[in-house]
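This report concerns only the one structure given below.
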Amino acid sequence: MRRGLCFGFAALLSVLGVRAEPWVAGFERFQAAAPDAAGGRLLYNELGCINCHGGDTGLPPLRGPDITTVTTRASADWLRASIADPARSRSGTTMPHVLANHDAGDVEAVVHYLGTLTPKKSAPPKKIAHLNAELGKALYHTKGCVACHAPRTDYAPPDGRPTAGEFSYGSAEFPALAEKYDVATLAAFVRDPLASRPDGRMPRIEMEEQDAHDIAAYLLGIAGSDGEIVPKLRPFTPNSALATRGRDVVTAARCAACHALPTIAAPQPVPLHRIAGGCLDAAPAAGLPRYGLSTAQRTSLLAYLPVRATPVSPAQSATDTLKALNCVACHERDGQGGPDAARKPYFLGDHNLGDTGRFPPPLTGIGRKLQPEWLAQALVGKRRERPYLATRMPLYGAAVANLPALFAACDARHETTSPAGDVEAGRKLLGTLGGAGCITCHRWGDRASLGVQALDLSTLAIRLQPGWLRDYLINPAAHRPGTLMPSFWPEGKAANRDILGGDTDRQIASIIVFAREGKGVPEGFPATSAREFELIPGLRPVVLRTFMADVGTHAILVGFPAGVHVAYDGRDCRPALTWKGRFFDAYGTWFSRFAPFEKPLGESIVAWPGPSDASAARKFEGYRLDAAGVPTFLFSVGGVPVAERIEPAENGSLRRTLTWNLESMRSLPLAHPPGLTVQESPASTPGKLEFIYTWP
């Protein structure tokens, strides 16, 4: 293969409606109108040029998707079309046309080679029993998909569709979805794109499996179904002789520079030098990849190449990373980014909070705002402070690993030492009895606010850096224009002069120290010690659906008069928590506009093991109550019905009984709670298991 400067530029495709040039969101939105070296750096990384030619762009690596399992998630026909001409099978793809000078036989051989990479043992496709495309339509338009992909005209957000011409940048195009996927494979990709594309340009939005199926049904144009849908993607059987030829084609085309391929090592970097017939020419030499670059893209790349050895500052790396990952589709930083006018109506949330309740927060100064540990956890999905936003923060995997350090480096500023705070002064300031009334709008831990449900303040000491918090409390609007948050220290002067003599710095320090060290809650929450909303099982068990910490949004609580209780996870079909003593306070479940994730009131709380691969195959079928009010939970495993009953036993123990059709399923994988004594009952028989759990 001729060694040259590998930036493909082919003639524009003549097929109407196909974007010939590759689409990189950050470049199109911020650099295309004024091509420069910064735009070239972004393209050099995102088009994979760095994979062939090496260098350091300061950006997270981007390699091609995992193709060792591609024939299990994409049809062979689609693969043939995609390899033969990537831009025709997906408009705007960043996959170059590397086999432009190869015949159909080589393309077919590559497909057969890819078929040999599929693991020999793979789980059989799951059958799908229900699809709701209407729900999928709403989810697609409100969970965050349309931040990168185009909204469709068949869905109207509550405030109405935007008028034409309000898009400030384009959208990531879909391939011919019905030709590539069936419902099962598309749903699997929608739910976890990082499984096949770990470099994170298509992030993962956390969702239930059923949500992914409904979105897939909508995108594939399947109206809905209550019957069983069998995945239609046919298994591909490769021909060994063709596969050998295909491996040679793949090796010569240097596909291993972007894709991890077994037994094919990544090729050595190709030195950069400008020659006639190189990839930036209108007609690249045979064997070179063709990208169909636009004039702006070519200009930017040519501007970057002479300076590509220049070190990149943390600020530039942070800015370019946000563009590469398209974080700026949702977040604004330093005046750039945020949803454009055409997408703003699809960002839903709590209108009572104004724009703050609908749009993701700005990232300006985020390295100074958030504690590094908190920011790192938020980026991997372990922290979520704004449950009122319908748009979910997606997960990018390893691509965001360097962002906390980059933000800390470029947002750092000298901070003065905070004065000592007073815990009780902080309690009063946060409360409503002579304080600033923060709990009027803000939650405190598991206590709902007295009004609108703004984010939780109980974590502010571990979430926010003191210097940033001081500046924000003095002038909230300067940090987030349009916020409903007023200033209680306008121009740095305390509105309340009765607490700590009106010393602004000590008052703010006291709020922080109470959040970090204080016991109890701020003053002014309604007293609930009288147990007005505590549920106390009497003659019959109490069964209640709620949101519960360590269980999730499908928790079903069962409180027994005997004083032993259980929380059952209806999503994963398993007992999740069990405890003794007091049962549950229903105040938040019944009266909060945004139900919090509750906790049991009792003691000796024991968590059961989390869901396993075996539980993932379970389907919840509801529950039935017997004459005494004891529920029996119903689920199926591979279509086999299972009944699970949990009830008190002698001496404060719990009895768990499971029954199923032994002829249809020989055994049932089970987990038991650590910390409890487990004894199998003599009542166990084939098709029936009974266990007694006892606290130590």
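The values are calculated or read from the model by the stated rules, or taken from the named source; none is laboratory data. Source: prediction; values computed, not measured. Because the Cβ atoms are built from the backbone with ideal geometry, glycine has one as well, and the counts that use them run over all protein chains shown.
Cβ-Cβ contacts under 7 Å between residues 6 or more apart (or on different chains), taken from a first residue in segment 386-406 that is among the aromatic types (Phe, Trp, Tyr) to a second residue that is crowded, with 19+ Cβ neighbours inside 10 Å and outside any loop (DSSP other than H, G, I, E, B), are listed as 388/353; 388/357. The residue of segment 294-314 that is surrounded by the fewest Cβ atoms within 10 Å (Cβ to Cβ), among those that are within 16 Å of residue 33 (Cβ to Cβ) and out of contact with any helix residue (DSSP H, G or I) (no Cβ under 7 Å at 6 or more places or on another chain), is 295. Taking the listed residues 296, 283, 303, the one that is at pLDDT below 80 and out of contact with any Leu (no Cβ under 7 Å at 6 or more places or on another chain) is 283, with no other qualifying. Checking each residue in segment 554-570 for being of a type outside the set (Phe, Trp, Tyr), buried (at least 19 other Cβ atoms within 10 Å of the Cβ) and assigned to a loop (DSSP other than H, G, I, E, B) picks out only 570. Within segment 673-689, residues that are touching a residue at least 40 places away in the same chain (Cβ under 8 Å) and in the same structural domain as residue 640 (by TED's automatic domain parsing) reach partners that are of a type outside the set (A, V, I, L, M, F, W, C) and part of a loop (DSSP other than H, G, I, E, B) with beta carbons closer than 9 Å, at six or more positions or on different chains, in the pairs 673/609; 674/609; 675/696; 676/653; 676/696. Every listed requirement among (1) modelled with pLDDT of 90 or more; (2) assigned to a loop (DSSP other than H, G, I, E, B) is met by residue 538 save one, (1). Would it be correct to say that residue 590 is of a type in the set (Phe, Trp, Tyr) and surrounded by 14 or more Cβ atoms within 10 Å (Cβ to Cβ)? Against the criterion (of a type in the set (Phe, Trp, Tyr) and surrounded by 14 or more Cβ atoms within 10 Å (Cβ to Cβ)), residue 590 does not qualify. In the set (1) surrounded by 17 or more Cβ atoms within 10 Å (Cβ to Cβ); (2) modelled with pLDDT under 95, residue 242 fails one condition alone, (2). Yes or no: segment 60-67 includes at least one residue that is in a helix (DSSP H, G or I), touching a residue at least 60 places away in the same chain (Cβ under 8 Å) and over 25 Å from residue 38 (Cα atoms). Scanning segment 60-67 turns up no residue that is in a helix (DSSP H, G or I), touching a residue at least 60 places away in the same chain (Cβ under 8 Å) and over 25 Å from residue 38 (Cα atoms).
Restricting segment 319-356 to residues that are assigned to a helix (DSSP H, G or I) and without any contact (Cβ under 8 Å) to a residue 60 or more places away in the chain, which is surrounded by the fewest Cβ atoms within 10 Å (Cβ to Cβ)? First the steps, then the outcome.
Of segment 319-356, the ones assigned to a helix (DSSP H, G or I) are 319-324, 327-329, 344-346, 351-356.
Narrowing further to those that are without any contact (Cβ under 8 Å) to a residue 60 or more places away in the chain: 319, 327, 351.
Details: 319: 24, 327: 24, 351: 13.
Checking each candidate, the answer is 351.
When residue 208 is tested against (1) in the same structural domain as residue 43 (by TED's automatic domain parsing); (2) surrounded by fewer than 17 Cβ atoms within 10 Å (Cβ to Cβ), exactly one condition is not met: (1).
Got at least one residue in segment 15-31 being assigned to a loop (DSSP other than H, G, I, E, B), polar (S, T, N, Q) and touching a helix residue (DSSP H, G or I) at 6+ places or on another chain (Cβ under 8 Å)? Yes, segment 15-31 has at least one match.
Within segment 364-408, how many residues turn out to be part of a helix (DSSP H, G or I) and loosely packed, with under 14 Cβ neighbours inside 10 Å? Full working, then the answer.
As a first pass, look at segment 364-408 and keep what is part of a helix (DSSP H, G or I): 366-369, 372-379, 397-400, 403-408.
Checking which are loosely packed, with under 14 Cβ neighbours inside 10 Å leaves us with 372-373, 398.
Selection size over segment 364-408: 3.
The condition of being surrounded by fewer than 16 Cβ atoms within 10 Å (Cβ to Cβ), touching a residue at least 40 places away in the same chain (Cβ under 8 Å) and not aromatic (Phe, Trp, Tyr) holds for only one of 462, 499, 511, that being 462. Taking every residue in segment 38-49 that is in the same structural domain as residue 259 (by TED's automatic domain parsing) and pairing it with any residue that is of a type in the set (Gly, Ala, Ser), at least 6 positions away or on another chain, the pairs with Cβ-Cβ distances below 7 Å are 39/300; 40/300; 40/303; 42/26; 42/324; 43/300; 45/324; 46/324. Taken together, the residues in segment 199-226 that are under 27 Å from residue 384 (Cα atoms), assigned to a loop (DSSP other than H, G, I, E, B) and more than 13 Å from the chain's Cα centre (by Cα) amount to 1. Tallying residues that are on the phi < 0 side of the Ramachandran plot, in a loop (DSSP other than H, G, I, E, B) and at pLDDT 75 or above within segment 120-168 yields 16. Every test in (1) touching a residue at least 60 places away in the same chain (Cβ under 8 Å); (2) of a type in the set (Val, Ile, Thr); (3) surrounded by 16 or more Cβ atoms within 10 Å (Cβ to Cβ); (4) over 26 Å from residue 389 (Cα atoms) is passed by residue 183 save one, and that test is (1). Among the residues making up segment 357-382, those that are in contact with a helix residue (DSSP H, G or I) (Cβ under 7 Å, 6 or more places away or on another chain) and either small (Gly, Ala, Ser) or in contact (Cβ under 8 Å) with a residue 60 or more places away in the chain (or both) are 357, 365, 367, 368, 369, 370, 371, 374, 376.
Just a yes or no: is a residue in segment 247-265 hydroxyl-bearing (Ser, Thr, Tyr), surrounded by 16 or more Cβ atoms within 10 Å (Cβ to Cβ) and not in a loop (DSSP other than H, G, I, E, B)? Outline the logic, then answer.
In the first step, residues of segment 247-265 are kept if they are hydroxyl-bearing (Ser, Thr, Tyr); the result is 251, 263.
Imposing the further condition that a residue be surrounded by 16 or more Cβ atoms within 10 Å (Cβ to Cβ) reduces the set to 251.
Keeping just the survivors that are not in a loop (DSSP other than H, G, I, E, B) gives 251.
Yes, because at least one residue in segment 247-265 is hydroxyl-bearing (Ser, Thr, Tyr), surrounded by 16 or more Cβ atoms within 10 Å (Cβ to Cβ) and not in a loop (DSSP other than H, G, I, E, B).
When 446, 411, 456 are screened for being in contact with a strand residue (DSSP E or B) (Cβ under 8 Å, 6 or more places away or on another chain) and buried (at least 18 other Cβ atoms within 10 Å of the Cβ), only 456 passes.
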